[in-house]
Amino acid sequence: MSANKKLLVLPGDGIGPEVMEQVVRVVDWFGANRAVGFDVKQDLVGGAAYDEHGTPLTDDTLAAAMDADAVLFGSIGGPKYDDAPRDKRPEAGLLKLRKEMELFANLRPALTFEGLLDASSLKEDVVKGLDMLIVRELTGGIYFGEPRGVETMANGKRRGFDTQTYDEDEIRRVAAVGFELARERRHKVHSVEKANVMESGVFWREIVTDLHRESYADVELEHMYADNCAMQLVRNPKQFDVIVTDNLFGDILSDCAAMLTGSIGMLPSASLGAPDETGRRKALYEPVHGSAPDIAGEGKANPCACLLSYSMMLRYSFGLSEEADLVDQAVANVLRSGVRTPDIMGDGDTAVSTEAMGDALLQELDRLSA
Ligand code: IPM
Ligand code: MG
């Protein structure tokens, strides 16, 4: 691969910088050992950018993200920014990146690692062999819908409101991503909404049904209400292959799915835009976990979710599936060997630090490629 693919690294806040530090070691390892080199640029985002520049995302950083072949993102947010104005809060930086880069498809895979079965709060036979994918719509719905706000009504009382809105193109393009991915997997899609109470849910179901009939009849489609889906995720998660759902339900259901795997510290994600004429997609890769301010800076964070996000980047942005498999294998082997950060500790395990986990992962990469 040519050495000039542009990678923008945005560690962010909380545990973001410490998990990213370990991932950058792996990025360097691939540069040295596998000739997978990137022009790496690091920048601030979220609270870190707000502290430095007074905004969670500067125009320069946004421009660098738009220009990059891929963005690797840590996490943002923290109690320190609770009182900042809404448009200056760390989350606003991430939402702006997603919106401006038009990253409408957020892929959140949940799979259990053999070595981690005892870390799940669910029974082993419920989660063993789980391999599912949530495709969350990421640039529409109630996260961005207008009008929104808090206003004073005629009676002098105040009310707060948000708007859930989806047009047919927004639904169709994310559903198409779900169907396409299902074709490479087990050919099953659950489309999730609340058509029993929401007009936009009825509409979502109609558009997905039409698209399925027109273009994806070879894939099995089932519609499911979001509340039932939450229940089914903990009752019998292995019934799922691909779940396609809106921005808010996807946010909630993916946290739930994360815990099936033992820890939210294990879950990566890819946020993809539409392919351009050359087939290139804008893309941002980030762990599903947030900034975890309660453990930030203590060396307790699990770098696996961020590292697996890097693996998704190799796979989806650069077609380097062999290298991605190598990363995934290294993670699986290290977990099986009992090296665990505190979030995934089972009985009898001793916790290692974020950095020691990074050491173990690099050693395993050396061993696998020897
Ligand atoms: C996520 C996060 C974000 C979201 C926050 C940090 C804005 O929870 O990526 O799931 O709600 O989308
Ligand atoms: Mg979330």
Inset, instruction - Within region 184-233, count every residue that is open to solvent by 20 Å² or more (accessible area, probe 1.4 Å) and within 20 Å of the chain's Cα centre (by Cα). - result: 3
Legend entry - Residue satisfying condition, being closer than 24 Å to residue 260 by Cα and touching a residue at least 24 places away in the same chain (Cβ under 8 Å), within set 193, 184, 170: 193
Legend entry - Filtered residue count, region 93-120, keeping only those that are open to solvent by 30 Å² or more (accessible area, probe 1.4 Å) and without any contact (Cβ under 8 Å) to a residue 60 or more places away in the chain: 4
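I'd like to know if region 55-63 contains one or more residues that are outside any helix (DSSP H, G or I) and open to solvent by less than 20 Å² (accessible area, probe 1.4 Å). Working first, answer last.
Of all residues in region 55-63, those outside any helix (DSSP H, G or I) come to 55-58.
From what's left, open to solvent by less than 20 Å² (accessible area, probe 1.4 Å): 56-57.
Yes, the conditions are met somewhere in region 55-63.
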Inset, instruction - Please go through region 71-92 and pick out each residue that is within 16 Å of ligand 2 (Cβ to nearest atom), open to solvent by 20 Å² or more (accessible area, probe 1.4 Å) and touching a Phe, Trp or Tyr at 6+ places or on another chain (Cβ under 7 Å). - result: 89
Inset, instruction - Under 7 Å between Cβ atoms, at least 6 apart or on separate chains: pull out the pairs that start in region 236-260 with a residue that is within 20 Å of residue 113 (Cβ to Cβ) and hydrophobic (A, V, I, L, M, F, W, C) and end on any residue that is within 11 Å of ligand 2 (Cβ to nearest atom) and assigned to a loop (DSSP other than H, G, I, E, B). - result: 258/267; 258/288
Inset, instruction - Taking the residues in region 248-277 that are closer than 18 Å to residue 75 by Cα and among the β-branched types (Val, Ile, Thr) as candidates, determine which candidate is farthest from ligand 2 (Cβ to nearest atom). - result: 264
Inset, instruction - Only one of these is within 12 Å of ligand 1 (Cβ to nearest atom), open to solvent by less than 10 Å² (accessible area, probe 1.4 Å) and not aliphatic (A, V, I, L, M): 263, 254. Name it. - result: 254
Legend entry - Subset of region 320-361 [in contact with a helix residue (DSSP H, G or I) (Cβ under 8 Å, 6 or more places away or on another chain), part of a loop (DSSP other than H, G, I, E, B), surrounded by 15 or more Cβ atoms within 10 Å (Cβ to Cβ) and polar (S, T, N, Q)]: 341
Inset, instruction - Assess whether residue 279 counts as being buried (at least 17 other Cβ atoms within 10 Å of the Cβ) and on the phi > 0 side of the Ramachandran plot. - result: no
Inset, instruction - Taking residue 165 as meeting all but one of (1) farther than 18 Å from residue 136 by Cβ; (2) touching a helix residue (DSSP H, G or I) at 6+ places or on another chain (Cβ under 9 Å), write down the number of the exception. - result: (1)
Inset, instruction - Give region 128-151 a look and list any residue that's outside any loop (DSSP other than H, G, I, E, B) and open to solvent by less than 90 Å² (accessible area, probe 1.4 Å), or say none. - result: 131, 132, 133, 134, 135, 136, 137, 141, 142, 143, 149, 151
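The values are calculated or read from the model by the stated rules, or taken from the named source; none is laboratory data. The structure displayed is predicted, hence computed values, not measured ones. Cβ sites come from the backbone with ideal geometry, for glycine too, and all protein chains shown count toward neighbours. Quick note on the areas: whole protein, heavy atoms, side chains included, nothing else; ligands and nucleic acids left out. Shrake-Rupley method; radii C 1.70, N 1.55, O 1.52, S 1.80 Å.
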